[in-house]
Structure formats: structure tokens, C-alpha cells
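What follows is a short report on a single structure.
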Ligand SMILES: [Fe+2]
Ligand SMILES: [Fe+2]
């Protein structure tokens, strides 16, 4: 299936059983507030370097859990956005493990402050702004049922869209090929949600193959 995406197509074809890009599932009603906010969110993430990953995290949230509450879809679409604000935590990823608790907690915790602040500033429902914080805080390690869904959507989306990002880090010398593969493995193997974990592991294998192809193209 070919993705319909506004600025650039995804680096790789999406799988035939993957959700369509930015298409809400049929047969489910969403609130008018959500339907108004969602296109605004796409506007906010338009110039974010990893916009495809955020977009697909929202799509995969609903693919993994078709009845996911709206706040979880909003949280998925915005979960990494602290990186848009200068001054955030940095992972020395040539040497520090991807699963580093201090870095990941700082990153997720900062997003859990930035995103509700943005939502409030843009006039979103205060209850929604409150509800996104905890799942965003848990998106790297999971924990609660909401957090586990967030982690699954984050991992699957990352593995679907970012093999080229990791290959770029390796090809520009920011980390070794081994460290690049470790990132993809961590994203796949960490997933706690049972169904989400199966999908993530499938995309992990695919992303490692894509990564290796991009390596040989150097
Ligand atoms: Fe993240
Ligand atoms: Fe993410």
C-alpha cells in the first residue's frame, strides 16, 4: 500500500496489514473536539524532524487498540515533542546504552510537561491536557496499561519509519553499526503489550534488514 503523506513519502513501503496513514478507523465515533484538534496537531508536528514517527505512533495506537481513548491517540501523536524545545536532555549514544534510565526518564518527563503546556496554550480541553501526561511519561518503559500501549505504538512506529535515521547516524559516524542495530533491537524487544510486542518484533526484523541494506549502500 502506498502512503499518502504531505511532504515526503515514508522511506519504505508500508506493509499491507499496516494501518493507512492518518486515516481514522471506520465504525468508531470520535468527539468533535478530537476531530478538530487532530489536524491542528499535524500542523504542529509538520516541521518536526521525526514527524513520520509521531504520525505513525498515532496510527498504530488505534491499530493496536481500536478503542483506545482519544487522549492516548493525542499522547501518541505528540509524545516526543520535548525535542522541539532547545535545552533538553541529550543521550551520548556512542557510549551510553539506549535503555539508559536517567536519559529516557528525563526525555519522557520533559515531554510530559511540554505537551500538556502546548495543549493548554492552544486552548485544548484542560482534562485532555492533564490526561496525556502520564502515558507520555511512560512511553519508553511502559508500566500501566496506558503506558504499555504508548510504548507499543512508539516502538512499532519507530521501527516502521526510522531504519534510515539510524543508518544515517552510523553513516555519519555518530555511532557504530553495532550500536545502531542495538537501538532497533531495544525498540523491538522492550515492548510489554502482548499483541503490540508481536507486531514490534516483526517490524524490528524488517528494520534491521533495511538498516543493513542502507549500510551496504555506503
Ligand atoms: Fe521518546
Ligand atoms: Fe518516539
- Taking the chain as the reference, fit the longest principal axis to its C-alpha atoms, fit the long axis of helix 101-121 to the helix C-alpha atoms, and give the angle between the two in degrees, 0 to 90, nearest 10. 30 degrees
- Task: Could you list 85, 41 in order of exposure, starting from the residue whose Cβ has the fewest other Cβ atoms within 10 Å?
- Result: 85, 41
- Ellipticity estimate at 222 nm from DSSP helix runs (n ≥ 4, -39,500 (n - 2.57)) divided over the chain, nearest 500: -19000 deg cm²/dmol
- Listed highest first by mean packing, meaning other Cβ atoms within 10 Å per residue, what order do 51-64, 129-142, 20-33 come in? 51-64, 129-142, 20-33
- Based on the mean of other beta carbon atoms within 10 Å per residue, what is the order of 86-96, 156-166, 194-204, 174-184, most packed first? 156-166, 194-204, 174-184, 86-96
- Task: Arrange the peptides 103-113, 70-80 so that the one whose residues have, on average, the most other Cβ atoms within 10 Å appears first.
- Result: 70-80, 103-113
- Cα gyration tensor category, rounded, prolate or oblate, for the chain with a/c compared to 1.5: prolate
- Note on the structure: For the chain, longest principal axis from Cα atoms; helix 177-189 axis from its Cα atoms; angle between them, nearest 10 degrees, is 40 degrees
- Query: Taking only Cα atoms, what is the 0 to 90° angle, nearest 10, from helix 194-216's long axis to the longest principal axis of the chain?
  - Reply: 40 degrees
- Message: I need the shape label for segment 173-218. Rule: rounded when a/c is under 1.5, else prolate if a/b > b/c, else oblate, with a, b, c from the alpha carbon gyration tensor.
- Response: oblate
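Bear in mind these aren't lab numbers, they're just calculated from the coordinates by the rules spelled out. Predicted, not measured: the structure shown is a model, and the values here were computed from it. Ideal geometry is used to build each Cβ from the backbone, glycine not excepted, and the neighbour counts take in all protein chains shown.
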